[in-house]
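Take a look at the structure set out below.
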C-alpha cells in the first residue's frame, strides 16, 4: 500500500496539477496555532505539509527557520508534544504530513521508539537533512513495510551521488534549488533545469523543489521543472508578521492561497 504522500502525487497527476508543499515549525508560535495553521494551509490549497521539529543546532536552516525553532524550543515543544499534535490532527484531516528533523533528535529519542510513534500517530514521511547516505540504508531497513516515506535531499553539489541518493526513494525527492541554507532568494541556480533533468534520469519518483521559493514569481519560475514546490522560510516570515499583528493564521492562509493560484 502506498503512503498518503504517494497517493496525493498520483491524485494530482491525474488532475494535471502540481503539489504545493508547505513547511511550518511545530510549536511556532505555539502548538495550538500550529494545529490551526495545518487546517488553514490545507483549506488554502496546500497538498502536503512538512512539520519541522525544532533542534538547537539546525545546520541546514537559515536565520528565519532558526528563529522559528527558538520560539518553539522556548515554549518547551519537544518530540512527544509534536506526536500528540499529529494524533490530534489525524482526528480532523488526512492531509499528508512529513516531519523535517535532524538525525540526532531521532537517535537520542530512540530510533525504533521514534518510528513506532510515527506509525501510531499517522506521520507519512521523514526528511532528515543530516542523515548520511551510508547510514540511510540501515535506517530504510527499519522503515521497511511501515508505509513511511524516507524523503532524500539532493543538492546541486550531489552530482555523482544522485543515483545513489534517489535509489529506492519513495514519496518524493527533495531537490535543493541552490547552495547554502534555507531562506528566500531573488534568483535560483542558473543550471537548475540541467540539475532537475539529471535527477530525472535516475528516478520516476516525483520531484519537489525547495530552498528559496519566497513568492508567486518564484513559483511561476520553477513550477514547470518539477511535480511539486516546497515553501518554508517565506511562510515563517508570514508567521512572524502575524505574531506582531495578532493574525498569524489569516496571513499564512492568504499567502498559501496566492501560491496555490500561481501553481495552478
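Check 77, 64, 95, 82 and return the single one that is in contact with a strand residue (DSSP E or B) (Cβ under 9 Å, 6 or more places away or on another chain) and over 24 Å from residue 140 (Cα atoms). Walk me through how you get there before you give the answer.
Details: 64 fails: in contact with a strand residue (DSSP E or B) (Cβ under 9 Å, 6 or more places away or on another chain); 95 fails: over 24 Å from residue 140 (Cα atoms); 82 fails: over 24 Å from residue 140 (Cα atoms).
From the options 77, 64, 95, 82, the qualifying one is 77.
Can you tell me which residue within the range 55-69, out of those that are in contact with a helix residue (DSSP H, G or I) (Cβ under 9 Å, 6 or more places away or on another chain) and under 28 Å from residue 18 (Cα atoms), is surrounded by the most Cβ atoms within 10 Å (Cβ to Cβ)?
68
Just give me the residues in the range 140-156 being touching a strand residue (DSSP E or B) at 6+ places or on another chain (Cβ under 9 Å) and either in a loop (DSSP other than H, G, I, E, B) or within 15 Å of residue 99 (Cα to Cα) (or both), in sequence order.
Across the range 140-156, the qualifying residues are 143, 148, 149, 150, 151, 152, 153, 155, 156.
Within the range 107-125, how many residues turn out to be farther than 14 Å from residue 146 by Cβ and either in a loop (DSSP other than H, G, I, E, B) or without any contact (Cβ under 8 Å) to a residue 24 or more places away in the chain (or both)?
Step one: list which residues in the range 107-125 are farther than 14 Å from residue 146 by Cβ, which gives 107-110.
Okay, now just the ones that are also either in a loop (DSSP other than H, G, I, E, B) or without any contact (Cβ under 8 Å) to a residue 24 or more places away in the chain (or both), so 107-108, 110.
Of the residues in that region, 3 qualify.
Scan the range 148-159 residue by residue and report those that are free of Cβ contacts under 8 Å to residues at least 24 places away in the same chain and either crowded, with 21+ Cβ neighbours inside 10 Å or within 15 Å of residue 134 (Cβ to Cβ) (or both).
Scanning the range 148-159 gives 152, 158.
Looking at (1) within 25 Å of residue 19 (Cβ to Cβ); (2) crowded, with 17+ Cβ neighbours inside 10 Å, find the lone condition where residue 77 falls short.
Here residue 77 clears every test but (1).
Out of 168, 204, which single residue is assigned to a loop (DSSP other than H, G, I, E, B), modelled with pLDDT under 90 and more than 27 Å from residue 249 (Cα to Cα)? Before you say what the answer is, go through the steps one by one.
On the way: 204 fails: modelled with pLDDT under 90.
Matching residue, one of 168, 204: 168.
Is one or more of the residues making up the range 129-136 part of a strand (DSSP E or B), touching a residue at least 40 places away in the same chain (Cβ under 8 Å), over 14 Å from residue 5 (Cα atoms) and touching a helix residue (DSSP H, G or I) at 6+ places or on another chain (Cβ under 9 Å)?
no
Considering only the range 67-105, how many residues are over 23 Å from residue 42 (Cα atoms), under 16 Å from the mean Cα position of the chain (by Cα) and touching a residue at least 40 places away in the same chain (Cβ under 8 Å)?
Counting residues in the range 67-105 that are over 23 Å from residue 42 (Cα atoms), under 16 Å from the mean Cα position of the chain (by Cα) and touching a residue at least 40 places away in the same chain (Cβ under 8 Å) gives 1.
May I ask you to say which residue of 51, 37, 20 is crowded, with 18+ Cβ neighbours inside 10 Å, free of Cβ contacts under 8 Å to residues at least 60 places away in the same chain, touching a helix residue (DSSP H, G or I) at 6+ places or on another chain (Cβ under 7 Å) and not in a loop (DSSP other than H, G, I, E, B)?
Values: 37 fails: free of Cβ contacts under 8 Å to residues at least 60 places away in the same chain; 20 fails: free of Cβ contacts under 8 Å to residues at least 60 places away in the same chain.
Of the residues listed, the single one that is crowded, with 18+ Cβ neighbours inside 10 Å, free of Cβ contacts under 8 Å to residues at least 60 places away in the same chain, touching a helix residue (DSSP H, G or I) at 6+ places or on another chain (Cβ under 7 Å) and not in a loop (DSSP other than H, G, I, E, B) is 51.
Can you tell me which residue is nearest to residue 49 (Cα to Cα) among those in the range 201-212 that are over 18 Å from the mean Cα position of the chain (by Cα) and buried (at least 16 other Cβ atoms within 10 Å of the Cβ)?
Filtering the range 201-212 down to residues over 18 Å from the mean Cα position of the chain (by Cα) leaves 201-204.
If we keep only those that are buried (at least 16 other Cβ atoms within 10 Å of the Cβ) too, we end up with 202-203.
Values: 202: 26, 203: 23 Å.
Only one residue fits best here, namely 203.
Of everything in the range 213-264 that's surrounded by 23 or more Cβ atoms within 10 Å (Cβ to Cβ) and part of a loop (DSSP other than H, G, I, E, B), which residue is modelled with the lowest pLDDT?
213
In this structure, is residue 72 in contact with a strand residue (DSSP E or B) (Cβ under 6 Å, 6 or more places away or on another chain), assigned to a helix (DSSP H, G or I) and crowded, with 21+ Cβ neighbours inside 10 Å?
Working: in contact with a strand residue (DSSP E or B) (Cβ under 6 Å, 6 or more places away or on another chain): yes; assigned to a helix (DSSP H, G or I): yes; crowded, with 21+ Cβ neighbours inside 10 Å: yes.
Considered against the rule, which asks whether it is in contact with a strand residue (DSSP E or B) (Cβ under 6 Å, 6 or more places away or on another chain), assigned to a helix (DSSP H, G or I) and crowded, with 21+ Cβ neighbours inside 10 Å, residue 72 comes out as yes.
The values are calculated or read from the model by the stated rules, or taken from the named source; none is laboratory data. Remember, it's a predicted structure, so these values are computed and weren't measured experimentally. All Cβ positions, even for glycine, are placed from backbone atoms using ideal geometry, and neighbour counts span all protein chains on display.
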